[in-house]
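The values are calculated or read from the model by the stated rules, or taken from the named source; none is laboratory data. Quick caveat: nothing in here was measured; it's all calculated off a predicted structure. All Cβ positions, glycine included, derive from the backbone under ideal geometry; neighbour counts span all protein chains shown. Areas reflect the complete protein model, heavy atoms only, side chains present, ligands, DNA and RNA absent. Shrake-Rupley method; radii C 1.70, N 1.55, O 1.52, S 1.80 Å.
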Amino acid sequence: MCRMLGAASSSPAEVRLLVSCLARAAQRDVLRHDEVHGDGWGMAAYSREGLLVRRSARPIFDELSDVDSLHLPAGEQLVMVHARAASDSSKVGIAYSHPYEALSADGRRLYLLAHNGSVDREGLGRALGLGELSGNYVDSELALMVIAREGLSEGALELLRNYTETALDLLIMEVDRPSGAARLYAYSYWRDLGEGEYYELRVISAGSTTAVVSSTVAKYCEALELRHSGLGPGRLVMVGELSVNRSGGLTGFSRWRGPTP
């Protein structure tokens, strides 16, 4: 399993506070028998400064022991950060850390994806026509292949649900390459109804930030007096959108205010 957060914010300081909660959740998952999510971490941030993507093989709680050292853009931004606990120990390293990237079939949209949960890699690989090659991929990469091929359609999400073994918690950044407009989406689905407390993504809306975070991240954020509420199952939500023109000027920013806690 993994822990993650996605945020639309105009305050880097508020985002760093959320990342501090993520680092603590990765070091000690109090909602999952103190599990450690230490198999690398990664992030993507989109702003007027550009698209920043960073991946590491080190645990987030080691590399960001001082969260102030995390470089974030100034001002408005869309951000996703992911701490990984690999289900396949042979696939650990910088190149396996989230977020993963892919282009749409027409080349117009860039997708970046962070995922928590597990998907039937062999079955989904067959559906994608990969055969035995599916073993070369992480299941999250196959999920991204579906989205890159079909977009964020209900058909794509239904296909992924059909192959979900535990949960399909997704953070997806979609960048329209010709226009420079980006959107950050969140989606939460889990197979076992009794596991909702752990798998359901939580929404935090406070100050200048709206964030969708894993349950354990929300738990640690309670110490910061940040209230949270459930995203709900099977609901695709746009957390925020941001547009940048070709000269790097900000032309639009908005964020979802979230449900009432």
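Laid out as a table, the results:
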{"read-out": "Residue match in the range 66-85 (condition: closer than 27 Å to residue 209 by Cα, among the β-branched types (Val, Ile, Thr) and under 16 Å from the mean Cα position of the chain (by Cα))", "value": "yes"}
{"read-out": "Of all residues making up the range 203-220, the number that are within 20 Å of residue 161 (Cβ to Cβ) and either touching a helix residue (DSSP H, G or I) at 6+ places or on another chain (Cβ under 8 Å) or modelled with pLDDT under 95 (or both)", "value": "2"}
{"read-out": "Long-range neighbours under 7 Å by Cβ, at least six apart or interchain, first residue basic (Lys, Arg) within the range 115-135, second at pLDDT 95 or above and open to solvent by less than 40 Å² (accessible area, probe 1.4 Å)", "value": "121/139; 121/142"}
{"read-out": "Residue check for residue 246: under 20 Å from residue 181 (Cβ atoms) and at pLDDT 95 or above", "value": "no"}
{"read-out": "Odd one out for residue 196 among (1) touching a Pro at 6+ places or on another chain (Cβ under 9 Å); (2) more than 16 Å from residue 3 (Cβ to Cβ); (3) at pLDDT 95 or above", "value": "(3)"}
{"read-out": "Listing of strands (runs of 3 or more DSSP E) fully contained in the range 35-108 that carry 1 or more residues being open to solvent by 10 Å² or more (accessible area, probe 1.4 Å) and charged (D, E, K, R)", "value": "50-56, 100-103"}
{"read-out": "Criterion (open to solvent by less than 10 Å² (accessible area, probe 1.4 Å) and of a type in the set (Gly, Ala, Ser)) met by exactly one of 207, 240", "value": "240"}
{"read-out": "Hits in the range 227-238 (condition: assigned to a loop (DSSP other than H, G, I, E, B) and without any contact (Cβ under 8 Å) to a residue 40 or more places away in the chain)", "value": "227, 228"}
